[in-house]
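The values are calculated or read from the model by the stated rules, or taken from the named source; none is laboratory data. For clarity, every value in this text was computed on a predicted model and none was experimentally measured. Because the Cβ atoms are built from the backbone with ideal geometry, glycine has one as well, and the counts that use them run over all protein chains shown. Note: accessible area is taken over every heavy atom of the protein model, side chains too, but ligands, DNA and RNA are not part of it. Shrake-Rupley method; radii C 1.70, N 1.55, O 1.52, S 1.80 Å.
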Amino acid sequence: MKKFIYICANSFFYMFSTFFLFVFLFSILSLFEKYEFFDAPFVDILENDIDGFNVKISIPFIEGIVKYQFSYTIIFMWLWLLFYAIFFYVLKDFFKIFIDNELFTAKHLNKLKIFFRLNFIPIILNIGSIVMGWIENKKVSFEEEYFFVFIHTCIAIIIYTYIDIFKKGQRLQEENDLTI
Amino acid sequence: MAIIVNLDVMLAKRKMRSKELAEIIGITTANLSVLKSGKAKAIRFSTLEAICKALDCQPADILEYKQD
């Protein structure tokens, strides 16, 4: 079961990193297409889109579509995808801990701390965007932001508990190793 | 730590090397070194018994209490 979860996290990491690389590469190519240097595959320049998007990238195999504007917002999209690629890489490392023979080591504790801290990035960013929405009186719903804050807070609490258990476990392991 | 391990003294008295004692009592030289340096957190009765047997001494000859 542990191995299965590790494989799942590993697959998520590869899926997200491939998705990130694909979107990153083709969003750069879309800039070239915009200025008519050449016709990039999977990229369509949109005109008069209802939602105001300028570009559409079609993702093969999964029939997905990514729409965006030619503005600084594209950087946020890259960062969002890059963050989740890193997140799943660290998650993969987190599950790897439970497969290893020795559980309570300083190295594993550090991995847990990194994963714990990583969860604060989306929490802070999403709270920031909710607060900015309130200040600017935007009439948009923040369901997605609330969802991400909730999910990452839950993960952070669980990881914090794990960190505490690992600290105690490490102390016991040390005592056991130093019992001659 | 208030408990002092006088294993070095007993080894010198019995003219025995650490490696030899480690082999007799069945622990690694690294673990015996941890014990001699006072870094050990605890000692098993079985280890203490084996040391006493090998060095022909009493636990009090190896362990000593000194107030900090």
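Observations
- In a reduced charge model with +1 at each Lys and Arg Cβ and -1 at each Asp and Glu Cβ, chain B shows a dipole moment near 160 debye about its Cα centre.
- Test item: Cα-centred dipole of the protein assembly as shown, Lys/Arg +1 and Asp/Glu -1 on Cβ, debye: 1420
- On chain A, 66 percent of the accessible area sits on carbon and sulfur atoms, based on a 1.4 Å probe.
- Between segment A:125-180 and segment A:3-52, the alpha-carbon center distance in angstrom: 29
- In chain A, the inverse of the mean reciprocal separation of distinct Cα atoms equals 19.3 Å; this is its Kirkwood hydrodynamic radius.
- For segment A:1-81, the fraction of alpha-carbon pairs lying more than 16 Å apart is 57 percent, rounded to a whole number.
- Positive-end ranking of A:53, A:74, A:40 along the dipole of segment A:1-81, with charges on Cβ about the Cα centre, is headed by A:74.
- Sites residue A:11 and residue A:120, calculated FRET efficiency, Cβ-Cβ separation with R0 25 Å, nearest 0.05: 0.50
- Stokes-Einstein D in µm²/s, Kirkwood radius over Cα pairs - chain B at 37 °C with 0.692 mPa s viscosity: 274
- One Cα centroid belongs to segment B:48-66, the other to segment A:70-102; the line between them spans 56 Å.
- Selection from A:90, A:123, A:169, by position along the positive dipole direction of chain A (Cβ): A:169
- Cα-based reach from residue A:92 at 17 Å (exclusive), listing lysines while leaving out same-chain residues under 8 positions away: A:2, A:3, A:107, A:111, A:113
- Pairing chain A with chain B buries about 700 Å² of accessible area. This figure sums both sides and uses a 1.4 Å probe.
- Solvent exposure, largest accessible area first (probe 1.4 Å, DNA, RNA and ligands not counted), of A:58, B:33: B:33, A:58
- Non-local Lys pairs in chain B, i.e. 8 or more apart or on different chains, that have alpha carbons under 20 Å apart: 11
- Segment B:16-40 residues near the modelled residue B:49 label - backbone nitrogen below 15 Å, point 7 Å along Cα→Cβ: B:25-26
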